[in-house]
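Working notes, structure below.
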Amino acid sequence: MAIALRKLQEIEKLRVANKIVGGALELLKQNTKVGISLRELDAMAEDYILSHGAKPSFKGLYGFPNALCTSLNQVIIHGIPTDYKLQDGDIIGYDIGTELDGWFGDGAITAAVGKVSDKDECLIACAKDSLYEAIASIKEGMRFKELSAILEKSIRSRGFVPLHSFCGHGIGRKPHEEPEIPNYLEGKDAKAGPKIKNGMVFCLEPMICQKDSKPLILENKWDVVSADGLRGSHYEHTVAIVNGKAEILSLA
């Protein structure tokens, strides 16, 4: 399948959908406090999206039951909200999607609850910093495999490893489009595969494990953890290639 090239007016529609994502994530970060439940955070995010005229695109997607992924501590991605109340020292990943007028938005952050360990601060920073480092490296004409290699090098240089079997992706008229963008180089040749071009819109989302890249899916069929059983982190932005560079769309 070909990777879509969007016109500027289409990118502006994607920007609006993604700005709602950014606003919802900012609201969640502000309310990441001891005692609030994951279901309350889910309801807060859904209300915010609906109040801005959009729909929560994750709700019902592939059967996912909620508007918000709440990935707690060892859960790296796809965590289902429960009645669990946040405690001091927890870390929590939020991943959220929107649909507005047939255009999709997507983004994620990992937040600290109260005082967390130095290790957890480094874990969160790895996801965020590797994401921004990769975005800053993007140039028209480079290959997506080069971008995957940059993400992997950035993650490993910080003493962590990327989660395998899950990846970033294109986005536009559907929540997941071509291409798939792993956070690690598949094969040995970074100069192979499709090139990044003006008008492409895609999501980069480093998913960080501490020691083992192998994913395990828990009994609820959604929560994804590392085989090492240790805490993970996740950050995501939707970016558009405009005038040869990446613009972040998923900011509040």
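No value in this document is a laboratory result; all are computed from the given coordinates. Since we're looking at a predicted model, the values are computed, not measured. As a convention, Cβ positions derive from the backbone with ideal geometry for all residues, glycine included, and neighbour counts pool all protein chains shown.
Here are a few things to note about the model shown:
- Pairs from LYS29/LYS85; LYS59/LYS119; LYS174/LYS221 whose Cα-Cα separation, in the structure shown, is over 26 Å: LYS59/LYS119
- Radius 13 Å from Cβ of LYS153, net charge of other residues (Lys, Arg +1; Asp, Glu -1): -1
- Distance histogram in 5 Å bins (all Cα pairs of the range 18-82, percent per bin): 4, 18, 28, 29, 17, 5, 0
- The aspartates and glutamates within cross-link reach of LYS55, meaning a Cα-to-Cα straight distance under 17 Å and a gap of 8 or more places when in the same chain, are ASP42, GLU46, ASP47, ASP95, GLU99, ASP101, ASP106.
- Look at where the Cα atoms of the range 195-211 and of the range 26-73 average out, and the two centres are 22 Å apart.
- Relative to the Cα centre, the charge distribution of the chain, modelled as +1 at Lys and Arg Cβ and -1 at Asp and Glu Cβ, gives a dipole magnitude of about 660 debye.
- The chain - mean residue ellipticity at 222 nm from DSSP helices (-39,500 (n - 2.57) per run, n ≥ 4, rounded to 500): -9500 deg cm²/dmol
- By average C-beta atoms within 10 angstrom, highest first, the peptides 110-120, 91-101: 91-101, 110-120
- Reachable aspartates and glutamates, given that their alpha-carbon falls under 12 Å from the alpha-carbon of LYS139 and they are not under 8 places away in the same chain: GLU247
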